[in-house]
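See below for the structure under consideration.
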């Protein structure tokens, strides 16, 4: 798994405003009819958040536990972010491909 490439793709998604964060926004994203869904959860996020996202995720949703809250926050110019959802199919495909490498 190429973490640097995945972080770079997340940075590109952030610059193009294709990342969603915040509990309610991510829940809405998970309920949406998007064909490809990918949520990146920080390794140091709470167990409660991780369980909540796993329960709400459909089978076709990719949950990736990677990076820290500080690293995810840095992408969005915040101090800490526990989870982000990617809203661009080509970036989702790129991250999934990087996961398989």
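The values are calculated or read from the model by the stated rules, or taken from the named source; none is laboratory data. Since the model is a prediction, treat every value here as computed from it, not as a measurement. When we count neighbours, we look across all protein chains shown, and the Cβ atoms used for this are built from the backbone with ideal geometry, even at glycine.
A compact table of results
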| quantity | calculated |
| --- | --- |
| Lone unmet requirement of (1) surrounded by 15 or more Cβ atoms within 10 Å (Cβ to Cβ); (2) under 21 Å from residue 1 (Cα atoms) for residue 44 | (1) |
| Some residue of region 38-45 being modelled with pLDDT under 95 and more than 13 Å from the chain's Cα centre (by Cα) | no |
| Residue count, region 79-94 (criterion: touching a residue at least 40 places away in the same chain (Cβ under 8 Å) and closer than 19 Å to residue 25 by Cβ) | 11 |
